[in-house]
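Here's the structure we're looking at; comments come further down.
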Amino acid sequence: MSQSIDYSERIPNNVDLAGDRRLQRALEAWQPAFLNWWAEMGPTLDTSDVYLRTAVAVGREGWAHFDHVALPEYRWGVFLSERDEERKIAFGDGKGQPVWQQVPGEYRAELQRLIVIQGDTEPASVEQQRRLGLTAPSLYDLRNLFQVNVEEGRHLWAMVYLLQAYFGREGRDEADALLIRNSGSEDSPRILGAFNEETPDWLSFFMFTYFTDRDGKYQLGTLKESAFDPLSRTCEFMLKEEAHHMFVGTTGIDRVVKRSTELMREHQTEEIAPHGGIALNVIQKYINFHFSVSLDLFGSETSTNAANYFTAGLKGRWQETRRKDDHLLSDDHSEIEAMVDGQVSSQEVPSLLALNHDLRTEYVADCQSGVKRWNKVLEDAGLEARLFLPHVGFNRHVGLFSSSKISPSGEVLTDDQWAARESSWLPTPEDKTHVQSLMQPVYERGKIANWIAPPNQGINGQPFEYEYVHLA
Amino acid sequence: MNSAGEQATETETVPVFDDVPVTHEVPTVSFRTRPEDYQHWRLSVDGDIATLTLDVNEQGGIVPGYELKLNSYDLGVDIELYDATTRLRFEHPEVKAVVVTSGKEKSFCAGANIRMLAASTHPWKVNFCKFTNETRNGMEDATENSGQTYIAAVTGACAGGGYELALACDEILLIDDNSSSVSLPELSLLGVLPGTGGLTRVVDKRGVRKDLADVFATKSEGIRGKTAVAWRLVDAVAPKKDWADAVAAAATKAAKASSRLDGRAAVALAPLEPTITDSEIRYRHVTADLDRASLVVTITVFGPQGAVPENLERIYELGADFWPLAMSRELDDLILHLRTNELELGTWVFKTRGDPSGVLAFERVIAEHSNSDWFVNEIRHFYKRVLKRLDVTSRSLIAVIEPGSCFAGPMLELALASDRQYMLEGLMEDGVLSEEGEAAQIVVTESNFGAFPMSNGLSRLGSRFYGEPDSMDRLRKEIGARLVAEQADELGLLTFSLDDIDWDEEIRIATEERSSFSPDALTGMEANHRFVGPETIESKIFGRLTAWQNWIFIRPNAAGPDGALRRYGTGQRATFDRKRV
């Protein structure tokens, strides 16, 4: 049975906000701060309303409904997946014991840190994308951008709920700080470096939603396994919304690739920039950049923190319960890629220490599926060229490859070799300037910019021509 | 603290004991006794002079597995000594000097029993030493603050803990018979330290030169006669024929010089009769709830019921039922009980319940009479010693200040002794505390500025604000004011001031987090934070001597199968790891 969301509240929720004074006080104080933040740091484009999906229940069917909503009136709220009364801890020292409904004092600091880091990324992406509305290629894309934005906003709510409901005074302070730090701010930047870069154009936005949001999906997946049940249930519901963000990225890149093939065919050249398109080698450079930056978000391949989190039951592995091992890993070993004697090779380490590597491996396999789709577009267009994911050691600034220079195909390079070829692998200022030059807004119903193909279908059964956004 | 001088010869006649220490099941220890039940001490009073005679019952060990030969002692012997020294102060207002002597011909006291130590767990050793230290500090406190001067009349061998017992006396007389000696053989024979104040008091209290102290503490046979006097290890020697006179003269002289205050008749210390179950301990004014799942004990101290009398006549009439004394004795007994018997309950939450006005009457009684009446003076110093016990307790202490509590003046010391102070702002909207009409308040009084000093010589406020003397001046202006949480917080008296919404959860998380940390590291951290500023003999004994001793106790050179403590009496030599650490 689906738990319904109580819309009679100022803050829609399924956590019995009405019966929890502490939460009420905290969230009611935080809500105006959030709305201020949205007004200052949210989308810059003025709209009167947007055709948005809003969560209305957390059950399997019919969890959302669609309607035109004025952005500031979006019903941000607090929704957790349904509670499984029988749920047991699936891994680590506490395996088999009932999951925790309260934060154990022993793990307060670690859980709070995990939630703060996750929470910090949610508003960061809204901040990074705030100006994209000014250059949307279509109303359909504009709508998708705002959908992603409001849902990232709601994910912030989800993390804030956990901080305020379970972490007392410190939790409230941390919730406030989530709105004080800002992407790219000199004085008080977001915690993770990748979230302090502005998303400058729509190609970057699609890449971001494909690669970086997918990192988020995998991080949420590990937290979904957490022994701290409210965190687990929160993340489970967030994953449902996150799927749409992946969809925006996947189909976005699909459509850019598709349009590029059309322009290549039409003009019989790979050099489609002069014809208002994005050349395949530039798309590849964007893939190289966003993939490698996202890999850095997984942290170092070997990590004692991750091992401690696992043993304590705070953070599991992707699809932990489907794994066929003892879920303790105390004696297991894993192979990881690493630099050995100046060569890319593998080394064996205790599996507990290789959990970041394990998660990253799952992620890379998932990323590969998108590449397959895009190559299908190329194949269908009768082109030889193919897109690919660069080697995991390419352009890394975190982890075992961070002090080496490695080409997209996995060759180890000297600094000079790297410098000579970097511009053929990563977007150059000229590439970015060109992509930027294509970013002219198209706000007319049913129209779309020249550098991207229209989608195969619209949102919620509506046609592409549907008026997804009413501008102010 | 232990001695072996005489035991060394004794062990040749008894079977060699096992290489592996036998650890017997430790009984629940009670610290409540009375002179009629003593097995090891005799207490006699003649005019203004009392005599405490140590005559240990060899078969009377508190744990099975060893015989208390040669007046060696264990915890049970020391529990009686503690009882005797306390009763002397309350039940014998006429006593002005106390002679400590031996009932055995050839041995004054051979110190802590070595077999007992070798067979004991580490926590048992540590707790035992802490308690014996506190009792010896109490003897010095009686000399200094009660006008009961302790005199050691040493006949026979006085070794290790035996000599440390003598060191706790104000004066040491040694019989000059060419065989009686004083010694500290722990280092040379057992590979441990004279840890009950021995090393500290030799140099710090008696002023023995450090090179001579070095010779003395490594010379197992000890020092006799005139050399002992010359080195200041004892104050005087007397031959056997003059011995009784010399002791009497010293006692009479001390009694004459006594500062013992006048007052009324003796106050009998009626037996405490707590109800003890697995989950709670109840006295009349103090209760403890034992939560074995979360490893937390909640100690609630109840303020006086009804008015506290302030005239001496009524106070004497109440005697041991006078709330400040009754409460202090109960708290003292509870602390000892928990410390010894509940090792795993690592966090003590302190609460109080009652009317602050009643507690403030206690304050006024002290202010008015503790300088003139022996009984009130004793109550003040007894409570002071209870608080000092808390200071050296290896548990996390958390004060939880709620509506209906009475952390005022002397009772505020419980909060100040704690490692953290949590106070509720306003009232609870629901739950058990919501019935109270008024928000929680605390009261700072004059007594918080010095009536109950810590072992570092500072008040607990002085210790708290060691780095910010201005705060003390600000607080002086608030003396007597009823401070609600917001004010108390502003004055620096609280760690956290919390409203009702956060209250339960913050305290749960804090105590759970505490219970998850390493108990050893917590003990070390707390002991470091609690004692700021100057050192005293007492603080050195707990902070330096004890810490080193406890380290040595777990080192293989002492406690390993080949270590000196375990090898002692086996005929085998200890094998040492020669590395200096």
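The values are calculated or read from the model by the stated rules, or taken from the named source; none is laboratory data. Everything numeric in this text was worked out from a predicted model, so none of it was measured. Cβ coordinates were reconstructed from backbone atoms using ideal geometry, including for glycine residues, and neighbour counts include every protein chain displayed. The protein model used for the area step is the full one, side chains on, heavy atoms only, and it has no ligands, DNA or RNA in it. Shrake-Rupley method; radii C 1.70, N 1.55, O 1.52, S 1.80 Å.
Measuring with a 1.4 angstrom probe and ignoring ligands and nucleic acids, B:I398 comes out at about 10 Å² accessible.
Using the Cβ-Cβ distance between B:R544 and A:R25 with R0 set to 56 Å, the FRET efficiency from 1/(1 + (r/R0)^6) comes to roughly 0.65. When you restrict to C-alpha pairs under 8 Å that are six or more residues apart and normalise by the size of chain B, the relative contact order lands at 13 percent. Listed by number, the DSSP H helices of chain A that run 18 Å or longer by alpha-carbon position along their axis and have mean Kyte hydropathy of at least 0.0 are A:139-166, A:280-296. The calculated FRET efficiency for B:A268 paired with B:E344, based on their beta-carbon distance and R0 = 45 Å, is about 0.80.
Rounded to the nearest 0.05, what FRET efficiency do B:S518 and B:R364 have when you use their Cβ-Cβ distance and R0 = 51 Å?
Numbers: r = 44 Å, r/R0 = 0.87.
That pair, B:S518 with B:R364, gives E of 0.70.
Output the 0 to 90 degree angle, nearest 10, between the alpha-carbon long axis of helix B:122-145 and the longest principal axis computed from the alpha carbons of chain B. It works out to around 80 degrees. Of the listed residues A:L156, B:L261, the order by accessible area with a 1.4 Å probe, largest first, is B:L261, A:L156. Taking amide hydrogens as placed 1.01 Å from N in the peptide plane, the amide H of B:F302 sits under 5 Å from those of B:V286, B:T287, B:R353, each at least 5 positions away in sequence or on another chain. Could you let me know the centre-to-centre spacing of segment A:7-82 and segment B:236-278, using Cα atoms, in angstrom? That distance is 77 Å.
Karplus-derived 3J(HN,Hα) values for segment B:197-211, using 6.51 cos²θ - 1.76 cosθ + 1.60 with θ = phi - 60°, are x, x, 4, 5, 5, 4, 8, 8, 8, 8, x, 5, 4, 5, 6 Hz; glycine and proline are entered as x.
Here's how it looks for B:T149: its modeled amide H is under 5 Å from those of B:A97, B:V98, which are all 5 or more places away or on a different chain. Under 18 Å from a label point set 7 Å out along the Cα-to-Cβ vector of B:E105, the amide N atoms of segment B:157-197 belong to B:157-158, B:175-181. Given the C-alpha centroids of segment B:503-581 and segment A:322-391, what is the distance between them in whole angstrom? Using only Cα atoms, the two centres lie 49 Å from each other. Longest stretch of chain B clear of exposed loop sites (trypsin sites (Lys or Arg not before Pro), DSSP loop, at most 11 other Cβ atoms within 10 Å, sites excluded): B:1-476. Surface calculation, 1.4 Å probe, protein heavy atoms: A:H267 sits at approximately 70 Å² accessible. The long axis of helix B:240-256 is offset from the longest Cα principal axis of chain B by roughly 20 degrees. All alpha carbon pair distances within the protein assembly as shown were sorted into 10 Å bins beginning at 0; the resulting P(r) in whole percents reads 2, 9, 15, 16, 14, 12, 10, 9, 6, 4, 2, 0, 0. What the phi angles of segment B:78-84 give under the Karplus curve with 6.51, -1.76 and 1.60, with θ = phi - 60°, is a coupling list of 6, 4, 5, 4, 4, 4, 5 Hz, glycine and proline written as x. A cut-off under 10 angstrom between Cβ atoms defines the neighbours of A:N182, and their net charge, with Lys, Arg +1 and Asp, Glu -1, is -2. Here the simple spin-label model places points 7 Å from the Cα toward Cβ, and for B:R580 and B:T277 these points are separated by 5.8 nm. Shape class for segment A:17-471: oblate, because the ratio a/c of the largest to smallest gyration tensor axis (alpha-carbon atoms, square roots of eigenvalues) is 1.5 or more and b/c is at least a/b.
Stretched out straight at 0.36 nm per residue, the stretch from B:D321 to B:S294 would grow longer than its current Cα-Cα span by 6.3 nm.
Taking a ≥ b ≥ c as the square roots of the eigenvalues of the Cα gyration tensor of segment B:126-233, is the shape rounded (a/c under 1.5), prolate (a/b larger than b/c) or oblate? It is oblate, given that a/c is not under 1.5 and a/b is not larger than b/c. Counting, for every residue in B:496-506, the Cβ atoms of other protein chains within 10 Å of its Cβ and taking the mean gives 4. Sorted on the mean count of surrounding Cβ atoms within 10 Å across their residues, most packed first, peptides B:399-407, A:416-424 read B:399-407, A:416-424. Looking at the square roots a ≥ b ≥ c of the eigenvalues of the Cα gyration tensor of segment B:276-530, which shape do they give, rounded for a/c under 1.5, prolate if a/b is larger than b/c, or oblate? Taking the square roots of the gyration eigenvalues as a ≥ b ≥ c, segment B:276-530 is rounded.
Along chain B, counting only GluC sites (Glu not before Pro) with a DSSP assignment other than H, G, I, E or B and at most 10 other Cβ atoms inside a 10 Å radius, the longest segment between sites is B:106-343.
Just to be sure I understand the model, the point goes 7 Å from the Cα along the line to the Cβ. What's the resulting B:K210 to A:T414 distance in nm? Roughly 6.3 nm, to one decimal. Can you check what the net charge comes to around A:E197, using other residues whose Cβ is under 15 Å from the Cβ of A:E197 (Lys, Arg +1; Asp, Glu -1)? Net charge around A:E197: -3. Full extension of the chain segment joining A:K95 with A:S437 gains 117.6 nm, where the gain is 0.36 nm per residue of separation less the Cα-Cα distance. Counting charges near B:Q148 (Lys, Arg +1; Asp, Glu -1) among other residues having Cβ under 9 Å from its Cβ returns a value of +3.
One chain, two ends: A:A177 and A:E362. Fully extended at 0.36 nm per residue, the span grows by 63.4 nm beyond their Cα-Cα distance.
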